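Bear in mind these aren't lab numbers, they're just calculated from the coordinates by the rules spelled out. Remember, predicted model here, so these are calculated numbers, not experimental data. Using ideal geometry, Cβ is built from the backbone for each residue, glycine included, and neighbour counts are taken over all protein chains shown.
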Amino acid sequence: MSRAQGARARPFAEKTVFKLSDYPSTMQVLPEKLYSVDSVVRLEQIAIQQYSIPAYTLMKRAGKAVFDVIQKNYSQHENILVLCGAGNNAGDGYVVATLAKQAGYPVRIVSLIDPVRLKNEALQAYSDWQQLETGNDADLTDAYKTDADKADLSLIDKADLIVDALLGTGLRREVSSEWAEWINTVNQANKPVIAVDIPSGLVADTGVVAGSAIKADITVCFIGLKQGMFTAQAKDVCGDIVFDDLGLTDDIYSQVEADADLLTSVDYSLLPERKQASNKGSFGHVLIVGGNKSMPGAIILAARSALRTGAGLVTIVTVAENLTAICSAVPEAMIKTCSSEDIAGVLPDAFVAGITHIAIGMGLGQDEWSLALLQYCVRLNKPMLIDADGLNLIANEDITITSPLVITPHPGEAARLLSTATTVVSSGDIQQDRFDAIRKLYQLFSESESCVVVLKGSGSLIFDGDDMNVCSLGNAAMAAPGMGDVLSGIIIALMAQGIKPGDAAELGVCLHASAASSFTENKTRGLLASDVIDELTEVLQ
């Protein structure tokens, strides 16, 4: 895909903010590259071993990056509470506390483990904190308590600002009950929270909340943006994301390939220029198939969005009872009706020869008529987009597709596709690791000439077998009926205009989400799928 074709770019050296909030004064673009935890560890080890940057230097840089955010955005907050756990995340927290204390802020620390159990750089950071005011430690630290005499949760209420350094990127299991109690109390306190590297309780590779997770106002992320911070449940807990590369150079980043690319805007360079001498025949002829009995809405939305996105010609194939409704709603489209027995007669060879692309599945249903149309369209061997019931039929039937293909499942459809006779996969299973799920979905269609998978949801994923993209655009208002039908129409229209399937999927997802955000202005309710279609005119300019 286009974003992976250029030279590998390292993350920006300056701190950057993911979205506008009440606190950061500027909004900047985040780096394009996303990394797994293992990849970030490799970057860190290269910096330490090959470039002789001491590990403690990196930790002090991380702590300073967080403290800089405090000074920039929360300088009026006096009482800082730093929650420390185990590992390097805790070490970062001790560095933050030390810098804040040196700058004159009243600081308290709560450690949920005995700090003397810390190792290496984290233990060094704790020692530096202890030495800050020798003899006055009781004024500075709420020392580790046993279970019978645990630290006082009321310290959260006394704080003006909370720094979360409990759990870092190494989390792999559910948060324990005692730690969850602190996390939940922080979330209920309505105090500003800065998360160190990642909100505690969020799994960095998947974006899944491990039982409980800190809901941060700002997350300060180091070295590489973690891929899980932009999909699944992550948007509900990360808040604004600030990035700092801790001084790592281009040479270091060049040695570790990113695991995904982050899409933060519409890449208008993918849209081909329209010549003044062009006509409707210049921009493809899309066959949109679906709209079974009592389901005209889905096909109407798909056809309208395809036309709005610029498809030259659109023909709808549906059942006879939907003819009047569709004619009224989409007068710009041609419409053909058929039964399962007369498909070839309604779509003769001469007509089919002019079809350039096919989208099928929206309101298709799962009966004899639906299956007959799907099998017929597959035999035409045209570039296809399959959504909704088209995917549900494939999950239950032996259908081989060899033409170029884009599939756009939501987690439920993905689960049905990945279920077998012996293993039932649920939508919850898909959400547990969306990156793993989309790779498995791609493998299901390995016989296709080329396949692109769009796994819809918060932080939609796009995968073509080589490049993984994560879309950060859109908001909760998009959780509404018909949104997937609109997306299907957008993508197939882009393909019909000569855009490669992978680029069309990337561009379509971003246009779809941008139109939704443009219409709602980041409100989270009140959006209709048809509103997105109407807004496409604005975002396509």
For the chain, the longest principal axis of the Cα atoms and the Cα long axis of helix 483-496 enclose an angle in degrees, to the nearest 10, of 70 degrees
Per the Kirkwood treatment, what hydrodynamic radius in Å, one decimal, follows for region 283-539 from the mean inverse distance over all distinct Cα pairs?
18.0 Å
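Which value, in Å to one decimal place, does the Kirkwood hydrodynamic radius take for region 168-325 when every pair of different Cα atoms is included? Intermediate values should be presented prior to the final figure.
Details: mean 1/r = 0.0496 Å⁻¹.
Hydrodynamic radius (Kirkwood, Cα pairs) of region 168-325 is 20.2 Å.
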I80, I490, I499 arranged by Cβ crowding within 10 Å, fewest neighbours leading
I499, I80, I490
First check a/c for region 226-313, with a ≥ b ≥ c the square roots of the eigenvalues of its C-alpha gyration tensor; if it is under 1.5, answer rounded, and if not, answer prolate when a/b is larger than b/c or oblate otherwise.
oblate
Among Y35, Y74, which comes first, then next, by fewest other beta-carbon atoms within 10 Å?
Y74, Y35
Over region 255-330, what is the mean sequence separation of C-alpha contacts under 8 Å (at least six apart), divided by residue count, expressed as relative contact order in percent?
32 percent
Exposure proxy order (Cβ contacts within 10 Å, fewest to most) of V532, V110
V110, V532
Would you work out the relative contact order for region 366-479, in percent, from Cα pairs under 8 angstrom that are 6 or more residues apart?
21 percent
Can you spot the lysines whose alpha carbon is less than 29 Å from K500's alpha carbon? Ignore those fewer than 8 places along the same chain.
K33, K226, K275, K280, K336, K382, K440, K456
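Please give the length that would be gained between D534 and V352 if that part of the chain were fully extended, namely 0.36 nm times their separation in residues minus their C-alpha to C-alpha distance (nm, one decimal). If you can, show how the numbers build up before the last one.
Details: separation 182, 0.36 × 182 = 65.52 nm, distance 2.98 nm.
Taking 0.36 nm per residue and subtracting the Cα distance, the gain is 62.5 nm.
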Just to confirm the number: angle between the C-alpha axis of helix 37-49 and the first principal axis of the chain, 0 to 90 degrees, nearest 10?
50 degrees
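With an 8 Å cut-off on Cα pairs and a minimum separation of 6 or more residues, tell me the relative contact order of the chain in percent.
That works out to 13 percent.
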Degrees, to the nearest 10: 501-520 long Cα axis against longest axis of the chain
70 degrees
In nm², the average projected area of the convex hull spanned by the Cα atoms of the chain is 27.2 nm²
